[in-house]
Amino acid sequence: MSVARKIWKIGWRLAVCALLMSWILHTMFQNEGRLAWERQGHSWSQLSRTQQWQAAWSHGTRELWHTLTLVDPMALLFSVLFVGLTILLGVVRWRMVLRVHGIDLALGRTTEISLVAHFFNSFLLGSTGGDLLKAYYAARETHHKKTEAVVTVAVDRLLGLFAMLLFACAMMLPNLALLQAHKRLAALAVFVLLMTIGCGLAIGLSFWGGISRFWPKSRARLRTLPKGELLEQCLDACREFGRRRGFILRTLGLSMLLNMIIVFQILALARGLNLNISPVALFVMVPMIACVSALPITPTVRAWSRPVGSPISKV
């Protein structure tokens, strides 16, 4: 590859990154600037687009910095460390999933792809948008197991979600009084329980099957669907996870540890902001919110709506 081509390849990537970061920062500053402007008794809608941008980059930057300075520095440091640890555990779990199909992706490359996916899950394309890019890059890493590589991304997300659902259900027990006192939280708990049942059924049918016992011609009908052969290949790839002894327990155990660290990260921020929130209550509220936010139904930019460094997108 020529020097000019290398420069172009790196240059356009840096340009895209700078554009995305500028847009994300502008969105954050605009939201902070609007809140500051309205607190002063002014109408944000009466400003022109140029005036809004000026207010965003003058008031917004100060307001965001003020928000960050409200957090105790040590608590903020622990929060960042917890986020890094969740990403690392997510990389380890995905490598475990990849190895089931004999795809031995290097730790550095796996981390690189996971960081890209984490960025897009956090800021762009919704809570699962980064998984699409993750699947794309995973497929590029192999020549003969592209379908299996894509399936590993879906399985990694599915197992992570199931572990979070189980974690939330377990934490409901010490929080029964809290759920009984708040009807909306209780309704959310019921929804999480239904999600747990549905996710468990999806894993059982994908990994071990069972439909063909009651419907012997199900495989034949599957092949008649559009891209039926590809769907059957994906199903066969999922069956391999069910045949691997101990795989489910290992991945769920690692995911449970990841879930606990996510709660500790939010707890560190709460302590850093001097918020008097019960740790026991956080252990049920955080996973329930994470489970609902993992549903791919909100393809919007949410960079300003999550706690600083929130790892929720890495369920």
Margin query: I'd like the residue in segment 142-176 that is more than 22 Å from residue 253 (Cα to Cα) and of a type in the set (Val, Ile, Thr) and, out of all such residues, is modelled with the highest pLDDT.
Written below: 150
Item checked: Cβ-Cβ under 7 Å pairs, at least 6 apart or on other chains, segment 63-85 side within 8 Å of residue 272 (Cβ to Cβ), far side at pLDDT below 85 and open to solvent by 50 Å² or more (accessible area, probe 1.4 Å) -> 79/308
Checklist line | Every pair of residues 6+ apart whose Cβ atoms lie under 7 Å, when the first sits in segment 265-286 and is open to solvent by 60 Å² or more (accessible area, probe 1.4 Å) while the second is not in a helix (DSSP H, G or I) | finding: 273/70; 273/71
Item checked: Of all residues in segment 141-165 being among the hydroxyl-bearing types (Ser, Thr, Tyr) and surrounded by fewer than 23 Cβ atoms within 10 Å (Cβ to Cβ), the one that is farthest from residue 196 (Cα to Cα) -> 142
Item checked: Subset of segment 216-244 (residues that are within 26 Å of the chain's Cα centre (by Cα) and open to solvent by less than 30 Å² (accessible area, probe 1.4 Å)) -> 237, 238, 241, 242
Check: Filter segment 103-136 for residues that are of a type in the set (Phe, Trp, Tyr) and farther than 23 Å from residue 206 by Cβ; which is surrounded by the fewest Cβ atoms within 10 Å (Cβ to Cβ)?
Finding: 119
Check: When the residues of segment 1-29 are filtered to those that are of a type in the set (S, T, N, Q) and open to solvent by 50 Å² or more (accessible area, probe 1.4 Å), which remaining residue is nearest to the chain's Cα centre (by Cα)?
Finding: 22
Notebook entry, point to check: Within the group 152, 142, 111, which residue is polar (S, T, N, Q), part of a helix (DSSP H, G or I) and more than 30 Å from residue 23 (Cα to Cα)?
Noted result: 152
Margin query: Looking at segment 245-253, can you tell me whether even one residue there is without any contact (Cβ under 8 Å) to a residue 12 or more places away in the chain and either over 22 Å from residue 90 (Cα atoms) or open to solvent by less than 20 Å² (accessible area, probe 1.4 Å) (or both)?
Written below: no
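The values are calculated or read from the model by the stated rules, or taken from the named source; none is laboratory data. Here the structure is a predicted model, which is why all the values come from computation and not from measurement. Cβ atoms come from the backbone with ideal geometry, glycine included; neighbour counts cover every protein chain shown. Heads up: the accessible areas ignore ligands, DNA and RNA and are worked out on the full protein's heavy atoms, side chains in. Shrake-Rupley method; radii C 1.70, N 1.55, O 1.52, S 1.80 Å.
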